[in-house]
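Following: one structure in structure tokens, then a few remarks.
The values are calculated or read from the model by the stated rules, or taken from the named source; none is laboratory data. What you see is a predicted model, and the numbers here were worked out from it, not measured in a lab. Glycine gets a Cβ as well: all are built from the backbone with ideal geometry, and neighbour counts include every protein chain shown. The area values use the complete protein model at the heavy-atom level, side chains included, leaving out ligands, DNA and RNA. Shrake-Rupley method; radii C 1.70, N 1.55, O 1.52, S 1.80 Å.
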Amino acid sequence: MIPNGVDLQVFDPGDFCLQDPPRIIFAARFMAQKNPLQVVETLAELTELPWQCEMLGDGPLKEEVEQRVQVLGLQDRIRLHGWVTPEEVLQWYRQSDILFMPSLSEGLPVAGVQALAMGLALVVSRIGGWVDCVREGENGFMMNPQDRAGFAAALRTLLNNPQYLLAARRASRALAMRFDLKRVVAAYAAIFSSVSKKT
């Protein structure tokens, strides 16, 4: 299997420094598959900790998510930006610390590979291609998509320990090397070369 590739020169986090407060990011369509309400409900259990959350994307659940943010009194801590360009996503990744994606189903998420390259710690569902993006406890954590308590505990672990969070971010960048676009292109080239020799 050849994974999706990412250009590690374009997706370059530069020097690692934690945001103050730590910034959590969600980047996806606001649809049931991506489970955006889980983000809001989980973060509502962590109000005693310092964090800011940016939710990027649009979709049919955006209004419901906005209403839930209001009901829980989190409008000063969770900001919904609507649809943003790929360039803006990159900028938000550069200014964030943790990617939180409690998806119900995924292939190999492009957002996840890009987040790895940008050195974000990952708190994600234990499904699909996410399992290739996370080394449990090293660069993040995986949970059952409905395990709100588990997601909250994982986020609390990262938010309570800045040095651990920084180490997790660096581990993500290191893991991203396996998705380096140059390696992916070389792998495809090797396959095409092998096929051409057989014909």
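So the values come out like this:
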{"item": "Qualifying residue in the range 35-44 (condition: surrounded by 15 or more Cβ atoms within 10 Å (Cβ to Cβ) and more than 18 Å from the chain's Cα centre (by Cα))", "result": "yes"}
{"item": "Cross-chain or 6+ apart pairs with Cβ under 7 Å, the range 1-12 first and within 13 Å of Gly119 (Cα to Cα), then part of a loop (DSSP other than H, G, I, E, B) and modelled with pLDDT of 60 or more", "result": "Phe11/Met118"}
{"item": "Pair list, Cβ < 7 Å and 6+ apart or interchain, from the range 91-104 residues that are touching a residue at least 24 places away in the same chain (Cβ under 8 Å) to residues that are surrounded by fewer than 16 Cβ atoms within 10 Å (Cβ to Cβ) and not in a loop (DSSP other than H, G, I, E, B)", "result": "Ser103/Gln33; Leu104/Ala32; Leu104/Gln33"}
{"item": "Matching residues in the range 58-84 - criterion: being within 18 Å of Leu99 (Cα to Cα), assigned to a loop (DSSP other than H, G, I, E, B) and open to solvent by less than 40 Å² (accessible area, probe 1.4 Å)", "result": "Val84"}
{"item": "Subset of the range 26-52 [part of a helix (DSSP H, G or I) and free of Cβ contacts under 8 Å to residues at least 60 places away in the same chain]", "result": "Pro36, Leu37, Val40, Ala44"}
{"item": "Odd one out for Met55 among (1) part of a helix (DSSP H, G or I); (2) at pLDDT 95 or above", "result": "(1)"}
{"item": "Residues (over 22 Å from Leu8 (Cβ atoms) and either within 12 Å of the chain's Cα centre (by Cα) or of a type in the set (A, V, I, L, M, F, W, C) (or both)) located in the range 85-110", "result": "Phe100, Pro102, Ser103, Leu104"}
{"item": "Residue tally, condition surrounded by fewer than 20 Cβ atoms within 10 Å (Cβ to Cβ) and of a type outside the set (Lys, Arg), over the range 14-27", "result": "8"}
{"item": "Residue check, Thr47 of a type in the set (S, T, N, Q), open to solvent by 70 Å² or more (accessible area, probe 1.4 Å), in contact with a Lys or Arg (Cβ under 8 Å, 6 or more places away or on another chain) and at pLDDT 95 or above", "result": "yes"}
{"item": "Residues (touching a helix residue (DSSP H, G or I) at 6+ places or on another chain (Cβ under 7 Å) and hydrophobic (A, V, I, L, M, F, W, C)) located in the range 124-158", "result": "Val124, Trp130, Cys133, Phe141, Met142, Met143, Phe151, Ala152, Leu155, Leu158"}
